[in-house]
Amino acid sequence: MTAAGDGAQAQAQAWPTKQIRFIVPFAAGGNADITARLLGEGLQRRFGQSVIVDNRPGAGGVVGQELVLQAPADGYTLVIGTPGTLYVSPLMAGKPSMLTDFAPVSLLSTVPMIVDVPANSRFKSWAELLAAAKAAPGTISVGHAGNGTPNHTDILRLQENEKVSFNIVPYRGSGVGLNDVLAGQIDAYVDQLSSSLPHLQSGKLRALVVVGDKRVPELPDVPTLAEVGAIPFDGGTTLGLYVRAGTPKAIVDTLNAATVTVLNETAVRQKFTELGATVRPSTPEEFATFQKADEAALADLAAKGLLKPQ
């Protein structure tokens, strides 16, 4: 091994030797916060060093992310986020992507996205809803949790892929939108499985399709995009772990190995299942490939004037 290689290995073996700060660029109590705390507890067990979760919400994740960029690139400051917070939020604010500022460590989890309709909806399948939308463009109302959210961009991608036009209705969060679809005020709603599941289990809502490539265990009879003949894409709400770009690869690899180990623990997997999420450990390279494809798809929407700065 070269002298440089020996130095990198020694650095990784010595890391970490002090407390790790884990920034969550969202408010406490949400899915990202709970995920960070689960992972933080696991990393603390693995490393024998304290991991402090620090909630710094604001500007769609940008506030917390910028704090990471003010810290040294030494692996002691981590940040959790959706890949979209690094490029969708800046895009909606008319700013450039932040992807090159961060080094991906591992994918963490995905909460599947589904298309809901009221239990008494005239649409019994995705094919029926799509046919109605194509027959009368702009008349089928589909709600989402806010501009720039995965719920919103999923609708835009569905429109583009299936060559259809919906009446897109934005809400401020899932709660109000779910109330409207439950009341039949809108035809359909694109939502995370976790927030819709109680209404699906009670029979007040029906799911037409999973916006992804795998069926979800909680809804074994609900087909995926590919199974209904639609162009498939990964539309779930995905969380990932990042450090500042420039962090030594040996440290990133050490952090990745520990993260993957924690995510594969049976008790941790069970807790993610209870959150309605699927654990998704990956290599840094797999994570980079995923977000590159996702960013390209959203950049295409922006180039077509569909995803606009606010």
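The values are calculated or read from the model by the stated rules, or taken from the named source; none is laboratory data. In this text the structure is predicted, and so the values were computed from the model without any measurement. Here the Cβ positions follow ideal geometry from the backbone for every residue, glycine too, while neighbour counts run over all protein chains shown. Areas reflect the complete protein model, heavy atoms only, side chains present, ligands, DNA and RNA absent. Shrake-Rupley method; radii C 1.70, N 1.55, O 1.52, S 1.80 Å.
Before moving on, here are some points about what is shown:
- For the chain, the longest principal axis of the alpha carbon atoms and the long axis of helix 126-135 meet at an angle near 60°.
- Among the protein heavy atoms of the range 37-93, carbon and sulfur supply 51% of the accessible surface, probe 1.4 Å, non-protein parts ignored.
- When the residues THR100, THR289, THR85 are ordered by accessible surface, computed with a 1.4 Å probe over the protein chains alone, the sequence from largest down reads THR100, THR289, THR85.
- Here the chain is assigned +1 on the Cβ of each Lys and Arg and -1 on the Cβ of each Asp and Glu. Its dipole about the Cα centre then comes out at about 320 debye.
- LEU67-GLU41 FRET efficiency (beta carbon distance; Förster radius 22 Å; 0.05 resolution): 0.55
- The Cα-based radius of gyration and maximum Cα-Cα distance (Dmax) for the range 14-121 are 15.9, 61 Å.
- Too-long pairs where the Cα-Cα distance tops 19 Å, listed order kept, from LYS95/LYS249; LYS163/LYS304; LYS214/LYS292; LYS134/LYS204; LYS124/LYS163: LYS95/LYS249; LYS214/LYS292; LYS134/LYS204; LYS124/LYS163
- Rounded to 0.05, the FRET efficiency of the THR139 and LEU306 pair, given R0 = 30 Å and the Cβ-Cβ distance, is 0.95.
- Additional length obtainable on full extension of the chain from GLU286 to ALA27, 0.36 nm per residue less Cα span: 90.4 nm
- Aspartates and glutamates whose Cα lies under 12 Å from that of LYS308, excluding same-chain neighbours fewer than 8 positions away: ASP300
- Taking Cα centre as origin and charging only the Cβ of basic (Lys, Arg, +1) and acidic (Asp, Glu, -1) residues, the dipole magnitude of the range 11-155 rounds to 140 debye.
- C-alpha long axis of helix 3-14 to longest principal axis of the chain, angle in °: 70
- Largest-first principal axis extents, alpha carbons of the range 148-229, Å: 29, 28, 20
- Charged side chains reduced to their Cβ positions (Lys and Arg at +1, Asp and Glu at -1) give the range 181-310 a dipole of some 240 debye around its Cα centre.
- Per the Debye formula on identical point scatterers at the alpha carbon atoms of the chain, with no solvent, log10 I(q)/I(0) at q = 0.07, 0.12, 0.15 Å⁻¹ is -0.29, -0.80, -1.17.
- Counting every pair of alpha carbons in the range 143-297, the share spaced more than 28 Å apart comes to 29 percent.
- Sorting the segments 104-111, 199-206, 34-41 by their mean number of nearby beta carbons within 10 angstrom, highest to lowest, gives 104-111, 34-41, 199-206.
- Expected 222 nm ellipticity per residue - DSSP helices of 4 or more, -39500 (n - 2.57), all of the chain, to 500: -13000 deg cm²/dmol
- Remark: relative contact order (the range 73-203) = 29 percent; criterion is Cα-Cα distance under 8 angstrom and separation of 6 or more residues.
- Cα centroids of the range 259-310 and the range 209-235: 16 Å apart.
- Relative contact order %, the chain, counting alpha carbon pairs below 8 Å whose residues are six or more apart: 25
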